[in-house]
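S.K.: One structure coming up, written as structure tokens, with questions to follow.
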Amino acid sequence: MKYKYMRIQGREVSWITKYPKGIFGMCWRMIMDGVMSADDEEIFRGIDQWFKDNLPEPEPCKNGEKVITFFKVETTEEMQEKIMPAVQILDKYEHPYDVVYTNFVGTVVYEDEWQVAVRVENGEMV
């Protein structure tokens, strides 16, 4: 089966969206909570910077809207490779997460070559 979208998400919910946090939210929370070592924090900050430099930030995300993002599977092989060290950090600290593949997302409010942003309400894609 071929999937259109992929998301790495935690099992804890975002206080903004009430939907499971994405990988960046999980890693930033681990930094704020003092869980990560300085070396792992440096690795993650490098990953975060690479994404900021190479991937447009969706306007709804910039505006603080209640959205979540999915990578487009067909165009994100390089990004999946770039995010793997962050996944390894989650594994190292035994932070639970799920890799979700789907063809069905809610209302797309932003789309570019690599990703979509989807509106959420009360913890559900709408």
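The values are calculated or read from the model by the stated rules, or taken from the named source; none is laboratory data. Remember, predicted model here, so these are calculated numbers, not experimental data. Please note: Cβ atoms are built from the backbone with ideal geometry, for glycine as well, and neighbour counts cover all protein chains shown.
S.K.: Name the residue that is farthest from Met6 (Cα to Cα), counting only residues in the stretch 69-126 that are at pLDDT 95 or above and in contact with a Leu (Cβ under 9 Å, 6 or more places away or on another chain).
M.R.: Pro96
S.K.: Go through Lys66, Lys52 for me and flag whichever is basic (Lys, Arg) and either surrounded by fewer than 17 Cβ atoms within 10 Å (Cβ to Cβ) or touching a Leu at 6+ places or on another chain (Cβ under 6 Å) (or both).
M.R.: Lys52
S.K.: Please go through the stretch 81-126 and give me each residue that is among the polar types (S, T, N, Q) and in a strand (DSSP E or B), ordered by number.
M.R.: The answer is Thr102, Gln115.
S.K.: Residues of the stretch 75-122 being exposed (fewer than 13 other Cβ atoms within 10 Å of the Cβ) and touching a Ser or Thr at 6+ places or on another chain (Cβ under 7 Å), which ones?
M.R.: If the condition is that a residue be exposed (fewer than 13 other Cβ atoms within 10 Å of the Cβ) and touching a Ser or Thr at 6+ places or on another chain (Cβ under 7 Å), then Glu113 is the only one that fits.
S.K.: Within the stretch 29-86, how many residues are small (Gly, Ala, Ser) and within 12 Å of the chain's Cα centre (by Cα)?
M.R.: Final tally of qualifying residues: 1.
S.K.: Assuming Arg11 fulfils every condition listed in (1) surrounded by 15 or more Cβ atoms within 10 Å (Cβ to Cβ); (2) in contact (Cβ under 8 Å) with a residue 60 or more places away in the chain apart from one, which condition is it?
M.R.: (1)
S.K.: Moving to a separate point now. Just the residues that are in contact (Cβ under 8 Å) with a residue 24 or more places away in the chain and outside any helix (DSSP H, G or I), please, taken from the stretch 15-60.
M.R.: Those that are in contact (Cβ under 8 Å) with a residue 24 or more places away in the chain and outside any helix (DSSP H, G or I): Ile16, Thr17, Lys18, Tyr19, Pro20, Gly22, Val35, Met36, Leu55, Pro56, Pro58.
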